[in-house]
Amino acid sequence: MKIYEDRKIVLLTKHGKESVIKPILENKTGCELVTDSRFDTDRLGSFSREVKRRKSQLETARLKIKKGMRRAKTDMGIASEGSFGLHPIVPIPWNVELVLLYDKRDKFEIYGVHESSDTNFDHKIIRSLEEAFEFAEKAGFPEHYLIIRPENAKSRHIIKDINSFEKLRVAFDLCKKRSKSGNVFIETDMRAYANPTRMKNIEKATQDLLEKLLIFCPVCGAPGFTVKESVKGLPCEICGTPGDMTLKHVLECHRCNHRHEELHPKGKAAQAEYCHHCNP
Ligand SMILES: [Zn+2]
Ligand SMILES: [Zn+2]
């Protein structure tokens, strides 16, 4: 018997995310995944900036689950929410995918994450069709769709779902004619169905979620017995001063509150090069 054999889990998406989430979730938990594609999830924030996402990634995922459960009359939901930008330290494009599962009956929430530089996330101001084709080639077009508009990122004349060279040519000409400056704004489409690279990252975040979910509490058997907190302070290999690296993981059960500490999950000492004392 799998853990959710008698459960219905709702997924709110109009961007085809069920194609990667459904097989993994149903296969590993025995649940039935129901998809609701009629609600416009872009109302909670869109990548092409027509609607700004007001809440954090996690909060937005929670909101999608809440709406989904209400619409489908289920007591369980799953949601995926992505973000794109630059890596916090190195200036490379960075995609963070989060997949959240909520069980209202057990008041239990767990999420999987996948962070990756594997993304075509990009935009550019161009002036010629040749530049449009250049951008398209770099973006993995036409499998990865493009979005285009006149002038700049703020223009309301947006053309989406460009997935052929003919459509790209027509859209470019239209935007060029509409543009007073002659500039055209081109960007990658980050919606899941329009971006196979992102879809793969959502799949990996779903796998991460399932790996965490299928670890059971040794005391009561509840699923999702996972790291609740990471405590810093791994001592330096030379001087023994506690540093910024992880000293221990604290695992905690959401049902019976059983706690387990995992000392030294990443080695017993930190290299001296990371020590504020030995290598200031
Ligand atoms: Zn427990
Ligand atoms: Zn040291």
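Gyration tensor analysis over the Cα atoms of the chain returns equivalent ellipsoid semi-axes of 40, 28, 14 Å (largest first, whole Å). Counted residue by residue at 0.36 nm each, then reduced by the alpha carbon distance between them, the extension gain from Ser116 to Gln271 reaches 53.2 nm. In straight-distance terms, cross-link reach from Lys22 covers every one of the aspartates and glutamates whose alpha-carbon lies under 13 Å from its own, apart from those fewer than eight places away in the same chain; here that gives Glu32, Asp36, Glu203. Among the trypsin sites (Lys or Arg not before Pro) found in segment 233-274, those both in a DSSP coil and sparsely packed, with 15 or fewer other Cβ atoms within 10 Å of their Cβ, are Lys266, Lys268. In order along segment 254-269, the phi-based Karplus estimate (6.51 cos²θ - 1.76 cosθ + 1.60, θ = phi - 60°) of 3J(HN,Hα) comes to 6, 8, 10, 6, 4, 10, 9, 9, 10, 6, 6, x, 10, x, 7, 9 Hz; Gly and Pro are listed as x.
So, in Å, what gap is there between the alpha-carbon centers of segment 183-255 and segment 126-140? A separation of 36 Å, based on Cα centres.
Taking the fewest neighbouring Cβ atoms within 10 Å as the starting point, the ordered list for Asp75, Asp189 is Asp75, Asp189.
How many percent of all Cα-Cα pairs in segment 123-189 sit more than 20 Å apart? Tail fraction, whole percent: 12.
For the pair Ile125 and Cys239 in one chain, pulling the backbone fully straight at 0.36 nm per residue adds 35.7 nm over the alpha carbon distance. Here is how the number arises for the chain: DSSP H runs of 4 or more residues each give -39500 (n - 2.57), the sum is divided by the residue count, and the result at 222 nm is -8000 deg cm²/dmol. Would you please classify the overall shape of segment 31-181 from the alpha carbon gyration tensor, given that a ≥ b ≥ c denote the square roots of the eigenvalues, rounded means a/c under 1.5, and beyond that prolate means a/b larger than b/c while oblate covers the rest? Cα axes put segment 31-181 in the prolate bin. The longest stretch of the chain left intact once loop-based GluC sites (Glu not before Pro) with at most 14 other Cβ atoms within 10 Å are removed from consideration, loops following DSSP, is 144-280.
Over 19 Å between Cα atoms: which of Lys52/Lys176; Lys17/Lys67; Lys2/Lys200; Lys154/Lys180; Lys8/Lys200; Lys73/Lys107 fall into that group?
Lys52/Lys176; Lys2/Lys200; Lys8/Lys200
Based on the alpha-carbon gyration tensor of segment 200-280 and its eigenvalue square roots a ≥ b ≥ c, which shape applies: rounded if a/c is under 1.5, prolate if not and a/b is larger than b/c, or oblate? Oblate is the answer for segment 200-280, as a/c is 1.5 or above yet b/c matches or exceeds a/b. With R₀ fixed at 30 Å, the C-beta to C-beta distance from Phe39 to His157 puts the FRET efficiency at about 0.70.
Read-outs: derived from the displayed coordinates by stated rules, not from any lab. This structure is a prediction, so every number in the text was calculated from the model and none was measured. Because the Cβ atoms are built from the backbone with ideal geometry, glycine has one as well, and the counts that use them run over all protein chains shown.
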